[in-house]
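Comments concern the structure below.
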Amino acid sequence: QSALTQPASVSGSPGQSITISCTGTSSDVGAYKYVSWYQQRPGKAPKLLIFEVSYRPPGVSNRFSGSKSGNTASLTISGLQAEDEADYYCSSYTTINTLVVFGGGTKLTVL
Amino acid sequence: EVPLAESGGGLVKPGGSLRLSCAASGFTFADAWMTWVRQAPGKGLEWVGHITSKTDGETTYYAAPVKGRFTISRDDSKNTLYLQMNSLKIEDTALYYCSKGYCSGSDCHWDDAFDVWGQGTMVTVSS
């Protein structure tokens, strides 16, 4: 099972908004509403930001938002802050060879 | 108090075995569906497998690369999750995380969203 496709890197300046895409297929992202997003800072465990495409767990800033269209999900971070610099991963339920598939990860640089 | 703490990682030769443990605290472990996720050095996250609660049958499910070689189990009396890894390959080298499925009231995403993670334990397979 190939990983979901994410851009290797994105960047933005403080205060700006950025969007990270996560492209899958009709067997994963396109088939289910179960897309999640995680933030991973260097040397740390991942942190759940978004579940079920667009819902935030308690305590996660509303600067993080998620959406989905067809086989592509997106994470938008608004009002970019220096502390947002991290790796971001999407994941989706899938029907092929495994239960959950992750994206390859996107490194966010805050300029 | 750390909610999830993995242990048992180390250096093992190809073909060898290793058992990882994940001690849980601060939540009702017996109700939780638990998942193992790994991360090879400098690489992305990879789902390894999960186990449902005893109430839900203690069912296990594995990713294709580890199916038949890895076994996930749990001991609810000890609040501990296990990952038995046999016939290890060089490509199994990774940081192994245990994680808990997200559940808030009646809104549970036990197997598709993971809100509590351990710090990981490193497994190195090398001759």
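Read-outs: derived from the displayed coordinates by stated rules, not from any lab. Values in this document were obtained by computation on a predicted structure and should not be read as measured data. Don't worry about glycine lacking a Cβ; one is built from the backbone with ideal geometry, like all the others, and counts go over all protein chains shown.
Observations
- The alpha-carbon of A:K44 sits under 15 angstrom from the alpha-carbons of these aspartates and glutamates, leaving out residues fewer than 8 places away in its chain: A:E83, A:D84, A:E85, A:D87, B:E6, B:D115.
- Whole-angstrom gap from the range A:1-45 to the range B:14-31, using each part's C-alpha centre: 28 Å
- Above-threshold pairs, the threshold being 25 Å between Cα atoms, out of B:K43/B:K89; A:K68/B:K54; A:K33/B:K100: A:K68/B:K54
- For the range B:16-28, the Karplus equation 6.51 cos²θ - 1.76 cosθ + 1.60, evaluated at θ = phi - 60°, returns couplings of x, 10, 7, 10, 9, 10, 9, 8, 10, 7, x, 8, 7 Hz by residue, with Gly and Pro reported as x.
- Seen from B:P14, the other residues with C-beta closer than 13 Å to its C-beta sum to a net charge of +1, counting Lys and Arg as +1 and Asp and Glu as -1.
- Rounded if a/c under 1.5, otherwise prolate or oblate - the protein assembly as shown, Cα gyration tensor axes: prolate
- Tensor-based shape of the range A:22-68 (alpha-carbon gyration tensor, a/c under 1.5 rounded, otherwise prolate or oblate): oblate
- Given charges at Cβ of Lys, Arg, Asp, Glu: the range B:27-88 dipole, positive-most of B:T55, B:N79, B:P41: B:P41
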